[in-house]
1. Might you let me know whether the range C:380-397 holds any residue that is open to solvent by 20 Å² or more (accessible area, probe 1.4 Å), within 14 Å of chain A (Cβ to nearest Cβ) and among the small types (Gly, Ala, Ser)?
2. Looking at C:VAL408, C:VAL363, C:VAL371 in this structure, which one is closer than 23 Å to C:GLY195 by Cβ and part of a helix (DSSP H, G or I)?
3. Filter the range A:159-214 down to residues that are among the small types (Gly, Ala, Ser) and within 14 Å of chain C (Cβ to nearest Cβ), then give me how many there are.
4. Kindly establish whether C:LYS117 is touching a residue at least 24 places away in the same chain (Cβ under 8 Å), more than 26 Å from C:ALA271 (Cα to Cα) and open to solvent by 20 Å² or more (accessible area, probe 1.4 Å).
5. Say we look at the range C:93-105 and pick out the residues that are in contact (Cβ under 8 Å) with a residue 40 or more places away in the chain and not in a helix (DSSP H, G or I); which of these is least open to solvent (accessible area, probe 1.4 Å)?
6. Against the condition assigned by TED's automatic domain parsing to the domain that holds C:THR262, farther than 28 Å from C:ARG305 by Cα and open to solvent by 40 Å² or more (accessible area, probe 1.4 Å), how does C:ALA240 come out, does it pass?
7. Which residue is least open to solvent (accessible area, probe 1.4 Å), if the candidates are limited to the range A:254-272 and must be of a type in the set (A, V, I, L, M, F, W, C) and more than 18 Å from the chain's Cα centre (by Cα)?
8. Which condition from (1) more than 13 Å from chain A (Cβ to nearest Cβ); (2) at pLDDT 80 or above; (3) surrounded by 18 or more Cβ atoms within 10 Å (Cβ to Cβ) is the one that C:ASN49 breaks?
Amino acid sequence: MRATADRAATAEQYQGVVADSRWRRLLAANGPGYLFLLPWLLGFLGLTLGPALVSLYLSFTDFDMIRSPEWVGAANYVRITTADPKFAAAMKVTLTYVVLSVPFKLIFALLVAMALNKGVRGLTFYRAVFYLPSLLGGSVAIAVLWRQLFAGDGLVNAALSHIGIQGPSWISHPSYSIYTLVALSVWQFGSPMIIFLAGLRQIPTDMYEAASLDGASKFRQFYKITLPLLTPVIFFNAVVQTIDAFKAFTPAFIISGGSGGPINSTLFYTLYLYQEAFGNFRMGYASALAWILVLIIAVFTAFSFLSSRYWVHYDD
Amino acid sequence: MTNGITSAVAAPPSDITKRSLPASIVVHTLLIMASLLMLYPLLWMVSASVRPENEIFSSTSLIPSSIDFTSYVRGWSGLDITFGRFFWNSLVISLLTVTGNVVACSLAAYAFARLRFAGRNFWFAIMLGTLMIPYHVTLIPQYVLFLNLGWVNTILPLVVPKFLASDAFFIFLMVQFFRGIPRELDEAAMMDGCSAWRIYWKIMLPLSLPVLATAAIFSFIWTWDDFFGPLIYLNDMDTYTIQLGLRTFVDSSSTSDWGGLFAMSTLTLVPVFFFFLFFQRLLIDGIATTGMKR
Amino acid sequence: MTFRVSRRNFVAGGATLLSLSALGPGAFAADARLRLLWWGSQPRADRTNKVSDLYKAKNSGTSITGEFLGWSDYWPRLATQVAGRNAPDVIQMDYRYIVEYARRGALAPLESYMPSKLNLDDFDPAQIEGGKVDGHLYGVSLGANSAATVVNTVALQEAGVEMPTNKTTWEELGKMGAEITKAGKRKGFFGFADGSGAEPLFENYVRQRGKALYTADSKIAFGADDASEWFDMWAKFREAQACVPPDVQALYKDTIDTAPLTLGKAAIDYAHSNQFVGFQAVVKDKLTLNNYPLIKADSKGGHYRKPSMFFSVSAQSKALEQAVDYVNFFVKDPEAAKVLDVERGIPESKAMRDVVAGMLDDVGKIPLNYVANLGDLAGPLPPPPPSGAGEGQTVLRQLAEQVAFGQVTPADAGKQLVDEITRLLARG
């Protein structure tokens, strides 16, 4: 009677409370995360997702940017993978660029960061000096500077002639022009260097003190302390620099004058994409090219993340 | 003694005093040579900015035959709009971008690195995915989007996305750093009853000064150097940024003002350089308290 | 510490952001507002803005916003604006692109405004034709030019070689070039630039043979043998060291300052006549213009007078009448003509030519006289290039480079050129 009614009422209230608290639990568990994520989420959904989806749609069309897009199915993708010699050329040039510039850039960045981390006198000066080239970014002036260095009568050849080597015109010869772009990229190793420096600085110094007290050599310290603790940063730099190298545009654009020449030897993938989109009014085709690039980069990144389990040490 | 701090600043094993003199000389020589190599193109540019215009391409030496600052004058005031205006525009956009990036990306990075929530890995993968899309592709759809919002010909398309953490690079960077900070600190704070926000504000951020400084530096410089975004979104010449202004010096179909270009290019390095110098102190000083807050 | 700074920045930043967004583009609201877009550098901008001021003085209540960019930035900006339905009212247009934009409906046809609003009476009819696509007028020519060789008179004198004349043949030029190189008066100096990949030069060549690049119905108008002989001729020049070697030519990026002549590598180079002033500005030696060499002593019709650039009106423009009026003013007002002189080319209007002729200095007179005195070296204007013609230009350059670097034989290159272009035209 009263007791049952009471119990029923209590049961109802209880269920309400439980349901309530399930929500509350969900909210409590996931709420903070999503709250912090909110700006990014808004930006992604509002500003990135929409355009990305539109661009994916465009990749299945013929779109000259002025008239409406015309659906062509997978025709663009088929043409790219089977009948486009420029695509193959661009892939080759970009892969060469990635494979050469990224390792060298990272090695220099790490070596110099370590050298600077040791508290060399004039540290601030050197650090700024090594970073300065990166400040020039995509400046138009770079084209001229690089020509002054690497043309047939440029300074590099002048220096080489002192040791008896007769150099070709590096920057305008199809066999060598890509190397001048690699050099440009490596010259701007300041960015990964700064990141390595920040990472090195984050390694607690008492570890090194303890190690040297135990009699460990500098090399051992590097190998057993620095390197493992630095792996998250190395991983970051490697992934990001590789993605950037795949997407590189400005150096090739500026130095080749937008042509990717001579004979497509500096035709970076995104430069080819740009030519198709803005030079030849083939935005649909360019979108397809872009998504293929995304696919390639995605595969590479996924692979890196999977492999990172085996060599990257996180403190959490 | 202030062992922890001085050694954090002057770093690991070898003190300068302990290193032998020949080794020190070798290191310095190498560094100086490397510096010259790194700086050579820049020195060439500075030299080109102060030499008479018809000497720029004909002479190969670094030392100009005569110093002449007309390129600077011409570059600064030769355009309809003085270069100072471009500097100001670039400064505004860059500072806003830095703020947006540091704030929004650290929020997102904290969520990814430290908080657990349903779908976290999924969103993380998506975030990385956005890193891979070349901007030329989403350019037109985004342009139309901003056009419909009425934002074209303002700085909004360039700045607002930063406050919405559109630069996944920085999120990724900060995640990697946050993950390097020991979890025990968070756990201790949580046991003291701190909310996620307090942990973020009082623990995470103070310990991450190096990465925040890094993000600020990069953010500033990349925005300073960006020309494609302003090219597309800024129509009125008095809203042009520096990079856009520089490009008007050079036109392939008629005469170019190379002297002016080099002079203004040299000038544009100055603010960036100072920004860098200012923030890099944080890279040194910031670390002094790592692991010490217990 | 740092966070207080961040918070302050954040608040300050937010406030700035809001206030800046309020400033916005208030100009969109004004009546009779024209937007102009052109490519060029500051000198051209100064002239154009002065003309706009003159127009505003005569048409009060009009506001004109002028935007300009360098050539390579111009086209992506224009494409994006057209795609975003945000195109400027008056657009400077180039021969290469006018067909693309016109056929896609981005430009407004102008013939209905003639002759009352757009008075082109004293234009050479052929020059008006140059702005027509598929029978409609889409662009008003801002100046005429013609292709030319730019000759460094001082370098030729030094080498003791005679100046080329308007009857010089390719063979003769080849001999001259080899002599200049042999004379060796300047370091790394050669007779002439390698023009095997330059479309105006190649077009001139096939026209002298009675052919053309493209037919009026978008087909290729020359054969593999024309192309092969062309490449072969240049291969022989390279062998004889009459022209610059391939890695020097590859430095050329279609700009005045990367041309072999400007870089001090060659005595003779190729350009459009209205670029002459630009060349003379960056080269210390005295230059002059001459026509392209002849194939045979009596060849004719290789050259043609072509519009250097046009003003077109956007089909999306909300101020069509005003835009057309502005264009008319630009090409027909004597005050405007005085400001513009020959910077964009020789004025098409005879009346304006007369106004300008008196004002030119010696350097400016050279292109004027050159174009005026072509005589029967010049033939009829070719039909507007078909879609895909722009890519044809790139293909020619690439094949020429491949021949130069020894990757392909001239005979094969000729065949490939024809094949590729036919394929491009079919793709449309």
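The values are calculated or read from the model by the stated rules, or taken from the named source; none is laboratory data. The structure presented is a predicted model; accordingly, all values stated were derived computationally and were not measured. Positions of Cβ are generated from backbone atoms using ideal geometry, with glycine treated the same way; all protein chains shown enter the neighbour counts. Note: areas computed on protein heavy atoms with side chains; ligands, DNA, RNA excluded. Shrake-Rupley method; radii C 1.70, N 1.55, O 1.52, S 1.80 Å.
1. Scanning the range C:380-397, I find at least one residue that is open to solvent by 20 Å² or more (accessible area, probe 1.4 Å), within 14 Å of chain A (Cβ to nearest Cβ) and among the small types (Gly, Ala, Ser), so the answer is yes.
2. The match here is C:VAL371.
3. The total comes to 6.
4. yes
5. Among residues in the range C:93-105 that are in contact (Cβ under 8 Å) with a residue 40 or more places away in the chain and not in a helix (DSSP H, G or I), the one least open to solvent (accessible area, probe 1.4 Å) is C:MET93.
6. Considered against the rule, which asks whether it is assigned by TED's automatic domain parsing to the domain that holds C:THR262, farther than 28 Å from C:ARG305 by Cα and open to solvent by 40 Å² or more (accessible area, probe 1.4 Å), C:ALA240 comes out as yes.
7. Top of the filtered list is A:LEU267.
8. For C:ASN49, the failing item is (3).
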